[in-house]
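The structure appears below as structure tokens.
Derivation of every value follows stated rules applied to the coordinates shown; laboratory data play no part. Computed from a predicted structure; not experimentally measured. Here the Cβ positions follow ideal geometry from the backbone for every residue, glycine too, while neighbour counts run over all protein chains shown.
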Amino acid sequence: MSRKHRNQRSGHVMLEQPRPEPPFTVIMAGFVVDLHNRATCPRCQPDGCPKLRAAGLILKVWRARKPHEDR
Ligand SMILES: [Zn+2]
């Protein structure tokens with residue numbers, strides 16, 4: 001009897017989420033990033049933008065979770 005037990009430890013942070021992130025959140029994140037490529041938003045500060053950072057994190061997590069095959 002052999003039990004396959006996969007335990008990956010590569011510094012990957014597992015978020016306790018029962019469901020994957022809704023596409024709407026990802027779409028909005030992409031919109032925010034796209035907006036900041038051209039202009040600023042009311043939340044923008046000299047240090048940076050919390051909204052942009054949050055959006056960037058969402059996109060990063062989404063891409064890591066579901067690799068996009070771009071060809
Ligand atoms: Zn901003």
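Taking the Cα centre as origin and putting +1 on Lys and Arg beta-carbons and -1 on Asp and Glu beta-carbons, what dipole magnitude results for the stretch 23-65, to the nearest 20 debye?
Details: 7 positive and 2 negative charges, 27 e Å.
Using only the charged Cβ atoms, the result is roughly 120 debye.
Taking the alpha carbon gyration tensor of the stretch 23-65, multiplying each eigenvalue by 5 and rooting it gives semi-axes of 19, 11, 7 Å, largest first.
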